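Here's the structure we're looking at; comments come further down.
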Amino acid sequence: MLILGIDTSCDDTSSSVVEDGYRILSNVVSSQEEIHQRYGGIVPELASRRHLENIIPVVQSSLDKAGVSQNDIDAVAVCYGPGLIGSLLVGCCFVKAICYCFNKKIVTVNHLLGHINAIFLTDTKPSFPFICLVVSGGHTSLYRVNSHTDVVEMGKTLDDAAGEAYDKVAKMLGLGYPGGPRIDILSKEGNSYAFELPRAYLPDTFNFSFSGIKTAVKRLITEKGQTDGLSASIIKDISASFQRAIIDVLIKKIEWAVKTTGIKEVVISGGVAANRELRQRALSFGNQHDINIFFPPPYLCTDNGAMIAVVGYHEILQGRTSELDFNPKAYLPLG
Ligand code: KG4
Ligand code: ZN
């Protein structure tokens, strides 16, 4: 079965053709980084306008790269939330139009379920049930995953997502957007023990909070700026100390989730899961505690159409498709 998967939930226009829910025939992602970086974050109106320009060439390119035409596609899976409403509207309206014209089935997909299922596009797949930490620019949530489409939310962030904290701290440090990959690179050269930053462990819950650390970094930047000046080496040390604090919390939550549920398979997905230190520390934590840790490759951690197609495939196997009258939703809780 060939599924065309489309995601326009945030600032990437992505389209992919996936066979039988796991074999990627094409995966095209058009990034809007150069548009938003001068503003230090995503400008929603600019994002939706660029999706509008990109959607037809991106989808056509994904069909061409897969070597198929629209007639070969069995169904179109589209992300309908959560996300930026203007961005979601472009993808959803486009999919309604092509499905109407070419008489194709539509499957609407929750973006977070997409991140959870990205791992099934790899060769090493977890077995159900597993724990999944989705850690991205818009979300930081922990799930118990019972099947491809049945998940239970164990906890989520009460304020900022981890990726959002990365992006905001990077902006304060003058590093530009998106901040995650830049802090990731700079941290390698910094001393992660240079500054002690607060960690909100929120014991006895699986919730997260990252707004306190952001404020602490802001205070530190002001203080250092007034005394020593923000030299390149201080920026590296702040980046590394910030990153260590964020990862300490993520690993601790995984440890508690494993202890509480007894489940020893853990998937880490979403944009921040591309982070090299997180990957390395989570894998060594897994080795020490006999826990299987799974990460999609970095290009499948960030937003992509292939993960949407995987969910679409499993929804169709269960006989679930949508009519043309569905609406995208900016707020769409999962599990
Ligand atoms: O999953 P994603 O592409 O979009 C959302 O659904 O939000 O995640 C984007 C987020 C951004 O906040 C970005 O800074 C962060 O993922 N990110 C990273 C890395 N690569 C992307 N954060 C830390 N380290 C990275 N290497
Ligand atoms: Zn995402």
Can you name the residue in region 168-197 that is within 16 Å of ligand 2 (Cβ to nearest atom) and over 12 Å from VAL217 (Cβ atoms) and is also most open to solvent (accessible area, probe 1.4 Å) among such residues? PRO181
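Can you confirm whether VAL109 is open to solvent by less than 20 Å² (accessible area, probe 1.4 Å), among the β-branched types (Val, Ile, Thr), within 16 Å of ligand 2 (Cβ to nearest atom) and farther than 18 Å from LEU4 by Cα? First the steps, then the outcome.
Working: open to solvent by less than 20 Å² (accessible area, probe 1.4 Å): yes; among the β-branched types (Val, Ile, Thr): yes; within 16 Å of ligand 2 (Cβ to nearest atom): yes; farther than 18 Å from LEU4 by Cα: no.
No.
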If TYR143 meets every condition in (1) among the aromatic types (Phe, Trp, Tyr); (2) under 25 Å from ILE263 (Cα atoms); (3) within 16 Å of ligand 1 (Cβ to nearest atom); (4) out of contact with any strand residue (DSSP E or B) (no Cβ under 7 Å at 6 or more places or on another chain) apart from one, which number is that one? (4)
From the residues in region 114-135 that are out of contact with any strand residue (DSSP E or B) (no Cβ under 7 Å at 6 or more places or on another chain) and open to solvent by 10 Å² or more (accessible area, probe 1.4 Å), which one is farthest from ligand 2 (Cβ to nearest atom)? ASP123
List the helices (runs of 4 or more DSSP H) that sit entirely inside region 216-335 and contain at least 1 residues that are more than 16 Å from ligand 2 (Cβ to nearest atom) and open to solvent by less than 70 Å² (accessible area, probe 1.4 Å). 232-261, 276-289, 305-317
Quick check: is even one residue across region 269-279 within 14 Å of ligand 1 (Cβ to nearest atom), assigned by TED's automatic domain parsing to the domain that holds ASP167, touching an Asp or Glu at 6+ places or on another chain (Cβ under 9 Å) and over 20 Å from PRO297 (Cβ atoms)? no
Check on GLY335, assigned by TED's automatic domain parsing to the domain that holds THR13, of a type in the set (Gly, Ala, Ser) and in contact (Cβ under 8 Å) with a residue 60 or more places away in the chain: no
Across region 83-109, the tally of residues that are within 16 Å of ligand 1 (Cβ to nearest atom) and either without any contact (Cβ under 8 Å) to a residue 12 or more places away in the chain or within 13 Å of PHE326 (Cα to Cα) (or both) stands at 3
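The values are calculated or read from the model by the stated rules, or taken from the named source; none is laboratory data. All values reported here derive from a predicted model rather than from experimental measurement. A quick note on method: Cβ atoms are made from the backbone with ideal geometry, for glycine too, and the neighbour counts reach across all protein chains shown. Note: accessible area is taken over every heavy atom of the protein model, side chains too, but ligands, DNA and RNA are not part of it. Shrake-Rupley method; radii C 1.70, N 1.55, O 1.52, S 1.80 Å.
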